[in-house]
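Reviewing the structure listed below.
The values are calculated or read from the model by the stated rules, or taken from the named source; none is laboratory data. Just so you know, these numbers come straight off a predicted model, no measurement behind them. FYI the Cβ positions are ideal-geometry reconstructions off the backbone, even for glycines, and counts take in every protein chain you see.
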Amino acid sequence: MRLFYSSGSPYARMVRVALRETNLLPRVTEVEATLRDPASAILPVNPVGRVPTLLLPDGTALTETVLILDFLDTLGAAHRLLPAEGAARWRAMAALGRAIGMMDGVAVWNRELRRPEHERSPGVIAQEITRTNRVADVLEAEAGRLGDTPDAPGIALLCLLGYAERRHRTWPWRDGRPGLAAWYDAMAARPSFAATLPPLSGL
């Protein structure tokens, strides 16, 4: 299998961390791909050009983070990323969906800030700031219940906050959220997280 990724993508980082946490990395070749590049190595595999993309041996290309994380659980790793069934699975899926949804908002906010100032939408930026802080406040209230197991929801939240630390520093997410910050700092010490550190951005 081959995983196409970009080092700055938090969505791809979620899969890269999961591969390391489940000890599945030896079964996957990681391929760093350029984005928005007509010569990108990812385009023959995934014409959409998005990362992460996991290419299976039969040629199937899985292109959504949640789908890939769910697929990894079918490979027989000792450590599951999501419960197999029942209410626990749906609770985990809900937590994962919330983290991914929050990341989507941060990504829109970040993309707006990368536009020339006269092309930015203040309304879009304000909406995503409000949404992001609303979810972060809920997570702070729940910080005592956030686990220390690197399951799919935990990995997604960790990579989201890690993105804010290095790629979206305009958002002071730690302010007023000591519980969430303490959880992040403890989890960020994991080798899987250190091995997938994204480059610093100017934002």
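Summary of computed values
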read-out: Scope the stretch 108-140; condition in contact with a Gly (Cβ under 8 Å, 6 or more places away or on another chain) and hydrophobic (A, V, I, L, M, F, W, C); matching residues; value: V135
read-out: Residue tally, condition crowded, with 16+ Cβ neighbours inside 10 Å and either of a type in the set (V, I, T) or free of Cβ contacts under 8 Å to residues at least 24 places away in the same chain (or both), over the stretch 1-42; value: 7
read-out: Pick from the stretch 56-74, criterion crowded, with 19+ Cβ neighbours inside 10 Å and of a type outside the set (V, I, T), ranking: nearest to I155 (Cα to Cα); value: L69
read-out: In the stretch 64-78, the residues that are assigned to a helix (DSSP H, G or I) and either more than 14 Å from the chain's Cα centre (by Cα) or not β-branched (V, I, T) (or both); value: L67, L69, D70, F71, L72, D73, T74, L75
read-out: Hits in the stretch 32-59 - residues which are under 11 Å from R2 (Cα atoms) and not hydrophobic (A, V, I, L, M, F, W, C); value: E32, P52, T53, P57, G59
read-out: Flag for L81 being of a type in the set (A, V, I, L, M), under 18 Å from the mean Cα position of the chain (by Cα), in a loop (DSSP other than H, G, I, E, B) and within 22 Å of T149 (Cβ to Cβ); value: yes
read-out: Given (1) outside any loop (DSSP other than H, G, I, E, B); (2) farther than 25 Å from T22 by Cβ; (3) more than 16 Å from the chain's Cα centre (by Cα), index of the condition D175 fails; value: (1)
read-out: Residue match in the stretch 85-105 (condition: part of a helix (DSSP H, G or I), in contact with an Asp or Glu (Cβ under 7 Å, 6 or more places away or on another chain) and touching a residue at least 24 places away in the same chain (Cβ under 8 Å)); value: yes
read-out: Any hit, the stretch 143-163, residues being without any contact (Cβ under 8 Å) to a residue 24 or more places away in the chain, on the phi < 0 side of the Ramachandran plot and more than 18 Å from the chain's Cα centre (by Cα); value: yes
read-out: Tally of residues being surrounded by 12 or more Cβ atoms within 10 Å (Cβ to Cβ) and closer than 29 Å to T29 by Cα across the stretch 76-97; value: 12
read-out: Residues of the stretch 178-203 that turn out to be surrounded by 16 or more Cβ atoms within 10 Å (Cβ to Cβ) and in a helix (DSSP H, G or I), as a count; value: 7
read-out: Residues of the stretch 110-123 satisfying the condition of being small (G, A, S) and assigned to a helix (DSSP H, G or I); value: G123
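Residues are listed down the side, and each one gets a yes or a no for (1) assigned to a helix (DSSP H, G or I); (2) touching a helix residue (DSSP H, G or I) at 6+ places or on another chain (Cβ under 9 Å); (3) surrounded by 13 or more Cβ atoms within 10 Å (Cβ to Cβ); (4) not assigned by TED's automatic domain parsing to the domain that holds W173:
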{"site": "I125", "(1), (2), (3), (4)": "yes, yes, yes, no"}
{"site": "I129", "(1), (2), (3), (4)": "yes, yes, yes, no"}
{"site": "N133", "(1), (2), (3), (4)": "yes, no, yes, no"}
{"site": "E140", "(1), (2), (3), (4)": "yes, yes, yes, no"}
{"site": "G144", "(1), (2), (3), (4)": "yes, yes, no, no"}
{"site": "G147", "(1), (2), (3), (4)": "no, yes, no, no"}
{"site": "P153", "(1), (2), (3), (4)": "yes, yes, yes, no"}
{"site": "L160", "(1), (2), (3), (4)": "yes, yes, yes, no"}
